[in-house]
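The values are calculated or read from the model by the stated rules, or taken from the named source; none is laboratory data. Worth saying up front: this structure is predicted, and the values here are computed from it rather than measured. Heads up, the Cβs are rebuilt from the backbone with ideal geometry, glycines too, and the neighbour counts pull from every protein chain shown.
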Amino acid sequence: MKLRTIVRVALLAPAAVTAAVAAAAPGKSCHLPGAEEALRCVTLAVPLDYSKPSGSTLKLHVTVAPAFRESARGDPVFLLAGGPGQAGSDVLMVLNSTLRRVRATRDVVIIDQRGTGKSGRLACPHEKNEDSMSQDEIEAAVKRCIASVRQPYAAFSTANAARDMEQVRKALGYDSINLLGVSYGTRLAQHYVRLYPGQVRAMVLDGVAAPDQIIPAAGQDGEAALKRVFADCAADKACNGAFPAIGQQFDALRKRVEAGIDLEFPDPRTARPSRVRMTPDRFYSTLHQILYSPDDSRRLPFLINSAYNNRWQPFIARRNAGSDFSVDGPVSTLMHLAVVCAEDVPRLGQAQRSAEQATLAAPLLDSVLKACAIMDVAPAAPAPATIIKAPVLMLSGALDPVTPPRRAEAAGKFMSAAQHLVVANAGHGILSLGCAPRLLREFLDRPSQKVAAKCLDEIPAPTFQLGSAGPQP
Amino acid sequence: MKSRFTIVFLKEFREHLRDKRSLAMLGVFVLMFPLMLGYILNNSIEKATKPEREGMELAVIGGAQAPTLMSQLRQKNITVVDMEDMDEEAITRLLRQRKAVAVLRLKDNYAANYMEMRPADIELWFDSASDDGPRRRDIEDVLNAYSSAIAGARLLAHGVSPATLSPVKVQRYDTGSNASRSATLLGAMLGMLFLPAFTCCMSAAVDSTAGERERRSLEVLMAQPVTPWTLVCGKWIAAAALGLIGLCLGMLLAHLILSWLPLEEIGMSWRLTSYDLLRVCVASIPLCLFGAALQIALAMNSKSYKEAQSVLSIVTLLPLAPGAVVAMMDIEAAWWMYLVPMLSNQNLMRELAKGQELGALPYVMTALCSLLPALAIIAFASWRMKSERYVLAV
């Protein structure tokens with residue numbers, strides 16, 4: 001070839017490629033809470049019921065964060081949020097923290113799963129006095145809310161969410177994709193890869209849901225995590241000194257709450273006088289929530305000790321924190337129930353049900369069962385657990401109250417190329433901690449290689465809170 | 001048979017290529033700037049991607065009182081070095097030696113005050129003359145996060161919602177795209193890529209006019225049957241060709257370096273294609289003509305070779321001035337910028353790097369704003385060449 005021809009080809013080839021890529025940039029520019037920069041927003045009409053493709057449709061909202069390298073649009077990362085009921089557009093802040101390194105060379109695609117966020121959110125209206133309503137009032141509100149929805153609840157299944165993902169993949173023109181599932185998103189990721197095994201290049205699962213896991217039956221793992229906190233406290237010199245009898249205090253408190261306690265105090269946020277009945281439901285759901293994060297759970301001995309001494313304000317303030325910071329709550333309640341009632345509750349055997357009755361998740365399970373009876377959605381056939389061949393990286397926190405390492409181990413039995421990393425001092429959700437963002441990039445760049453996970457051991461155990469002064473200095 | 005112009009042009013061009021100084025100028029200006037740009041960017045990329053940032057050492061006095069703070073600092077890849085208590089002079093000396101990014105001093109009563117829930121004192125010593133600003137901010141970020149986490153926990157312990165601490169929630173929205181941000185950052189530097197249009201032809205312009213006159217060879221040239229216009233044009237195009245070669249090679253090198261560097265690691269991108277670049281180079285041909293014309297005319301007007309050299313080295317820097325003024329005063333891109341030579345080329349390139357769709361007009365304006373003055377100057381120069389006073393230097 002003549003020099004001139006070489007030069008001409010060298011000059012024009014990249015130009016042609018770039019022109020093609022620029023034309024494929026999908027959607028329109030948009031700003032969404034949680035991300036400072038402009039992202040791409042795509043709205044895609046998908047069938048509400050895939051067995052009737054010409055029937056009514058649902059508008060799916062997709063957020064695309066383009067890779068910093070313009071020409072790297074080959075294999076994107078699909079981020080699947082948790083819940084079920086958490087919207088992708090509610091977790092955009094991870095783009096800048098956890099996913100920054102990944103985004104250098106890969107697009108990040110975040111779907112608002114059907115029934116969440118901007119994809120036809122199925123949520124109950126915010127009740128003004130949610131934090132102090134009685135059990136009957138709450139049940140009546142849930143009943144009203146369930147009846148208010150027109151769409152068939154059966155349409156909001158994990159299987160349909162996986163089919164939606166496939167539609168998005170095709171619409172955006174990607175050949176193969178990487179999946180990044182968080183919590184319930186790991187179930188969706190496993191479902192997708194089993195439906196479309198050829199499309200998945202690699203998969204990262206953070207807080208892995210096992211195929212046999214029943215979401216509302218989380219009591220035994222929660223109970224174990226709580227025991228672990230008490231054991232750690234007993235082993236810690238300072239904590240043991242401050243709360244030497246925390247286990248017994250908790251048992252005594254449990255009995256008192258089972259009987260019901262009426263409390264009067266200034267509201268933690270507004271300082272208005274308020275009264276609330278501390279029910280087992282409120283007590284246990286708060287405990288369960290606190291256990292998700294080790295930072296949080298290390299203040300549990302203090303909260304329990306204060307409540308035991310009839311100073312409930314810190315506990316109430318912690319209980320209300322979720323609704324104090326957000327008006328609508330992060331989870332789409334009805335979508336959560338639609339999934340759980342069709343896919344989880346029907347698999348709940350009698351033995352497991354009675355085992356759960358003795359744990360702190362019993363009231364939660366109870367209220368889910370009641371709501372499911374009202375919702376009356378047909379049970380979904382469980383997906384066959386076929387072997388997943390794509391390379392998988394699984395992450396578990398040893399202190400996790402919902403998806404502890406044993407869940408990932410159970411899921412790993414159906415994977416032929418899985419790595420499982422257990423982080424000693426972490427709870428639910430690993431990816432944002434320590435060197436995990438770097439490992440994520442490392443794995444996605446070379447999924448078949450073993451990641452160097454030693455740096456995860458450097459994540460320290462948070463210190464116990466001993467008194468009102470907060471965590472130890 | 002070759003035209004007279006071609007003969008003059010080839011003769012001049014061959015001579016320039018034989019001249020070591022011309023070639024050295026060309027080589028230096030082609031290589032220097034792109035390599036410098038690549039080196040600087042590569043350095044910041046390496047800094048950003050290194051898992052453990054080296055040399056990020058923080059000296060801490062009394063750190064044993066705050067183990068949680070120390071572990072949070074370590075989490076952010078900050079190496080904590082425990083120190084004995086020091087006086088002000090010792091701290092100053094330590095910071096002057098650049099052994100540590102900063103010194104954190106916890107007073108003896110730190111833990112006691114903390115437990116009493118009184119403000120616990122931390123001193124942050126740093127040397128603002130050192131270039132560790134970003135690293136120091138990392139430390140301050142950790143301190144702020146630590147402080148606000150404790151404040152939240154304390155409020156909670158008092159039965160007050162931590163939501164009290166955030167009465168307003170500010171969501172920042174940036175409408176600049178990643179490409180336009182990078183273009184702004186790179187913009188000022190990109191201007192330098194057009195400098196070869198002036199620097200690479202300088203030696204040639206001086207040598208073929210003032211030099212030739214001093215060597216008395218111009219007289220011989222004038223005795224040939226060619227018009228002064230042909231003669232000047234030949235010298236002009238030969239000098240401009242050198243400028244164009246320098247400009248294109250420099251651009252190509254910079255393009256290769258910027259495309260090869262993993263700029264995305266520092267949140268930047270280089271989205272100019274080779275085709276865009278080719279168009280920029282074509283639109284810059286008149287700039288090279290302008291540069292060469294200006295230098296030839298000025299060199300002819302100088303009394304001696306030496307004077308020509310010193311005048312030209314000043315003039316070479318002049319085209320940078322509009323770009324520098326625009327950058328310094330933060331003037332927005334406007335159409336009139338396409339009327340100023342060099343600034344128009346710079347602007348064209350920056351808008352392309354931003355991913356802006358440009359019509360044909362900016363290219364045409366960029367070309368004309370250099371071409372028209374260039375022709376005027378050359379007309380003036382050939383008029384000067386007619387004068388015997390000039391040729392004989394009397």
> Got at least one residue in region B:222-231 being outside any helix (DSSP H, G or I) and of a type in the set (V, I, T)?
Replying inline: yes
> Among the residues of region B:23-72, how many are touching a residue at least 40 places away in the same chain (Cβ under 8 Å) and over 35 Å from the mean Cα position of the chain (by Cα)?
Replying inline: 10
> So how many residues does region A:224-243 have that are farther than 15 Å from A:I290 by Cβ, surrounded by fewer than 19 Cβ atoms within 10 Å (Cβ to Cβ) and hydrophobic (A, V, I, L, M, F, W, C)?
Replying inline: 5
> Take the residues of region A:28-53 that are of a type in the set (D, E, K, R) and within 17 Å of A:L172 (Cα to Cα): which is surrounded by the most Cβ atoms within 10 Å (Cβ to Cβ)?
Replying inline: A:R40
> Exactly one of (1) outside any helix (DSSP H, G or I); (2) without any contact (Cβ under 8 Å) to a residue 40 or more places away in the chain; (3) over 20 Å from A:G470 (Cβ atoms); (4) not hydroxyl-bearing (S, T, Y) is unmet by A:R311. Its number?
Replying inline: (3)
> Residue check, B:A293 against (1) crowded, with 19+ Cβ neighbours inside 10 Å; (2) modelled with pLDDT under 85, all met but one. Which one?
Replying inline: (2)
> Are any of the residues in region B:159-170 free of Cβ contacts under 8 Å to residues at least 60 places away in the same chain, within 10 Å of chain A (Cβ to nearest Cβ) and either closer than 30 Å to B:R96 by Cβ or surrounded by fewer than 13 Cβ atoms within 10 Å (Cβ to Cβ) (or both)?
Replying inline: yes
> Which ones in region B:125-158 are of a type in the set (S, T, N, Q) and either more than 14 Å from chain A (Cβ to nearest Cβ) or over 30 Å from A:A321 (Cα atoms) (or both)?
Replying inline: B:S128, B:S130, B:N144
> What single numbered condition from (1) out of contact with any Cys (no Cβ under 6 Å at 6 or more places or on another chain); (2) closer than 28 Å to B:S382 by Cβ; (3) surrounded by fewer than 23 Cβ atoms within 10 Å (Cβ to Cβ) fails to hold for B:L287?
Replying inline: (3)
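One line per residue, one yes/no per condition, for (1) basic (K, R); (2) in a loop (DSSP other than H, G, I, E, B):
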| position | (1), (2) |
| --- | --- |
| A:S354 | no, no |
| A:T359 | no, yes |
| A:L393 | no, no |
| A:P401 | no, yes |
| A:R407 | yes, no |
| A:H428 | no, yes |
| A:S432 | no, yes |
| A:L439 | no, no |
| A:L444 | no, no |
> Among the residues of region B:176-187, is any of a type outside the set (D, E), surrounded by fewer than 20 Cβ atoms within 10 Å (Cβ to Cβ), modelled with pLDDT of 75 or more and not in a helix (DSSP H, G or I)?
Replying inline: yes
> Do the conditions hold for B:L244, that is, is it within 14 Å of another protein chain (Cβ to nearest Cβ) and either more than 14 Å from B:F9 (Cβ to Cβ) or touching a residue at least 40 places away in the same chain (Cβ under 8 Å) (or both)?
Replying inline: no
> Just one of the numbered conditions (1) surrounded by 15 or more Cβ atoms within 10 Å (Cβ to Cβ); (2) within 14 Å of chain B (Cβ to nearest Cβ); (3) basic (K, R) is not true of A:R282; which one?
Replying inline: (2)
>> Which count do you get for residues in region A:254-272 that are away from every other protein chain (no Cβ under 14 Å) and at negative phi?
In response: 8
